[in-house]
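The values are calculated or read from the model by the stated rules, or taken from the named source; none is laboratory data. Since the structure is predicted, the reported quantities are computational estimates derived from the model, not experimental observations. Cβ placement follows ideal geometry from the backbone for every residue including glycine, while neighbour counts extend to all protein chains displayed. For accessibility, only protein heavy atoms count, side chains too; no ligands or nucleic acids. Shrake-Rupley method; radii C 1.70, N 1.55, O 1.52, S 1.80 Å.
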Amino acid sequence: MTLALDVLRTTTFDRAKTWSDLNPEERRRRTVVAVRDQDADTLWSLTEAYLTLHGSSGTAISPRTLKAYRWAINRYLTYAGAQAVNLLRASSSDGVRFVRTVEAEGLSASSTRVQLAGVRLFYAALRWADATQVAPFNDVKPVREKTAAWDKRSPYTHDEVQALLEHADERMQALILLCAHGGLRISEALALRRVDINLDGRELTVRHGKGGKQRRVVIGDTLIRALNCLPEQQGSLIGGSYPAAVERLRRLCHRAGVAYRGYHALRHYAGTRLTREGASLDDVARHLGHSVLETARIYAKWNDDNLRRRVGQW
């Protein structure tokens with residue numbers, strides 16, 4: 001565990017203790033006032049404290065997850081304010097209407113589930129503070145995803161990845177290869193630092209993957225050459241924010257004549273290529289950092305070369 005992560009977790013725990021050290025009546029009073037004033041910062045602080053103290057991950061909850069939950073709660077607070085929803089007396093009907101509104105706005109099924117998890121956590125925190133006993137989202141279910149997982153976002157093809165690399169500068173080449181060869185999530189690639197790379201050992205370390213987990217990733221010659229071309233700098237190796245990285249990839253896809261499918265489709269390319277080249281599902285899952293082996297089966301679905309050869313002979 002890095003020193004920076006130690007400091008972050010200590011700070012998170014200290015903030016949580018600020019709430020837990022209050023006597024119950026004062027904690028309730030501050031919560032009610034925050035709800036009345038639509039004080040998003042205070043309500044998030046309460047929710048974070050509850051998650052830190054009572055969540056299964058404790059202080060090990062990842063910054064990415066915290067950011068997603070805060071986004072979900074802020075979205076709900078905005079909705080509640082516009083629709084005059086009494087937060088402390090919200091009904092299951094209010095919960096259903098909110099989720100259906102989110103779905104109607106085009107939020108994906110996975111993002112809707114994150115939204116639902118965030119607002120359920122928010123109400124658990126309100127109940128912990130004894131500000132209310134309502135649970136408007138407990139029985140709410142998002143619309144079931146009708147499209148199979150492997151059909152929702154297909155990977156870039158090998159030719160498309162090569163086209164992107166040919167039109168990219170050195171910085172974007174490294175970022176593309178981190179996702180397409182290293183199989184990193186975009187958040188993991190943007191957070192990578194020079195100290196996380198062991199060129200002699202031909203591997204890199206993802207410090208804070210999904211769920212706050214750390215993993216080692218094997219890297220090949222092409223990615224090593226791309227990383228060697230990057231200049232020395234403080235902080236993250238690639239630099240820049242997620243929105244900026246998305247915009248860079250959009251522009252690159254336009255120049256290369258490749259349909260934009262986001263960074264995750266590069267990660268899908270890594271899994272599909274490994275499967276096509278005969279890697280076991282265990283190897284694929286380990287390379288991509290999947291905690292559940294079954295998740296890696298999606299890449300076998302995309303790799304339909306064997307199926308095409310068989311059916312083609314009919």
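Just give me the residues in segment 79-99 being open to solvent by less than 60 Å² (accessible area, probe 1.4 Å) and in contact with an Asp or Glu (Cβ under 7 Å, 6 or more places away or on another chain), in sequence order.
The answer is 85, and nothing else.
List pairs: first residue in segment 39-63 and more than 12 Å from residue 123 (Cα to Cα) and hydroxyl-bearing (Ser, Thr, Tyr), second residue open to solvent by less than 30 Å² (accessible area, probe 1.4 Å) and assigned to a helix (DSSP H, G or I) anywhere in the structure, Cβ distance under 6 angstrom, at least six positions apart or on different chains.
42/34; 52/12; 52/16; 59/12; 59/52; 62/212
So which residues in segment 100-129 are among the aliphatic types (A, V, I, L, M) and either open to solvent by 50 Å² or more (accessible area, probe 1.4 Å) or in a helix (DSSP H, G or I) (or both), if there are any at all?
Of segment 100-129, the ones among the aliphatic types (A, V, I, L, M) are 102, 104, 107, 109, 114, 116-117, 119, 121, 124-126, 129.
Selection gives 102, 104, 109, 114, 116, 117, 119, 121, 124, 125, 126.
In segment 247-259, how many residues are surrounded by 14 or more Cβ atoms within 10 Å (Cβ to Cβ) and under 13 Å from residue 176 (Cα atoms)?
4
Filter segment 205-221 for residues that are within 26 Å of residue 57 (Cβ to Cβ) and β-branched (Val, Ile, Thr); which is most open to solvent (accessible area, probe 1.4 Å)?
Across segment 205-221, the extreme among qualifying residues is 205.
Quick one: in segment 222-243, which of the residues that are open to solvent by 30 Å² or more (accessible area, probe 1.4 Å), within 20 Å of residue 182 (Cβ to Cβ) and assigned to a helix (DSSP H, G or I) is modelled with the lowest pLDDT?
242
Restrict the check to segment 133-154 and report whether at least one residue is closer than 29 Å to residue 240 by Cα and in a loop (DSSP other than H, G, I, E, B).
Yes, because at least one residue in segment 133-154 is closer than 29 Å to residue 240 by Cα and in a loop (DSSP other than H, G, I, E, B).
Condition first: open to solvent by 20 Å² or more (accessible area, probe 1.4 Å) and either over 26 Å from the mean Cα position of the chain (by Cα) or among the basic types (Lys, Arg) (or both). Can you find one or more residues in segment 172-180 that meet it?
No, segment 172-180 has no match at all.
Quick grid of which residues meet (1) touching a Lys or Arg at 6+ places or on another chain (Cβ under 6 Å); (2) modelled with pLDDT under 95; (3) of a type in the set (Gly, Ala, Ser); (4) over 19 Å from residue 81 (Cα atoms):
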residue	(1), (2), (3), (4)
11	no, yes, no, yes
18	no, yes, no, yes
27	no, no, no, yes
32	no, no, no, no
38	no, yes, no, no
41	no, no, no, no
54	no, yes, no, yes
57	no, yes, yes, yes
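Taking residue 159 and the conditions (1) assigned to a helix (DSSP H, G or I); (2) modelled with pLDDT of 90 or more; (3) buried (at least 16 other Cβ atoms within 10 Å of the Cβ), which numbered condition does it fall short on, given that it satisfies the others?
All conditions pass for residue 159, except number (3).
Need pairs with beta-carbon distance below 9 Å; first residue on the phi > 0 side of the Ramachandran plot and surrounded by fewer than 20 Cβ atoms within 10 Å (Cβ to Cβ) and within segment 183-204, second assigned to a loop (DSSP other than H, G, I, E, B) and aliphatic (A, V, I, L, M); sequence gap 6+ or separate chains.
Final answer for the pair search is 202/219.
Can you list residue pairs whose Cβ atoms sit under 7 Å apart, with the first residue in segment 65-84 being closer than 16 Å to residue 35 by Cβ and the second being surrounded by fewer than 18 Cβ atoms within 10 Å (Cβ to Cβ) and at pLDDT 90 or above? Count only pairs 6 or more apart in sequence or on different chains.
So the pair list comes out as 74/40; 77/38; 77/40; 79/101; 81/38.
If you go through segment 48-76 one residue at a time, how many are open to solvent by less than 30 Å² (accessible area, probe 1.4 Å), of a type outside the set (A, V, I, L, M, F, W, C) and more than 24 Å from residue 191 (Cβ to Cβ)?
Selection size over segment 48-76: 1.
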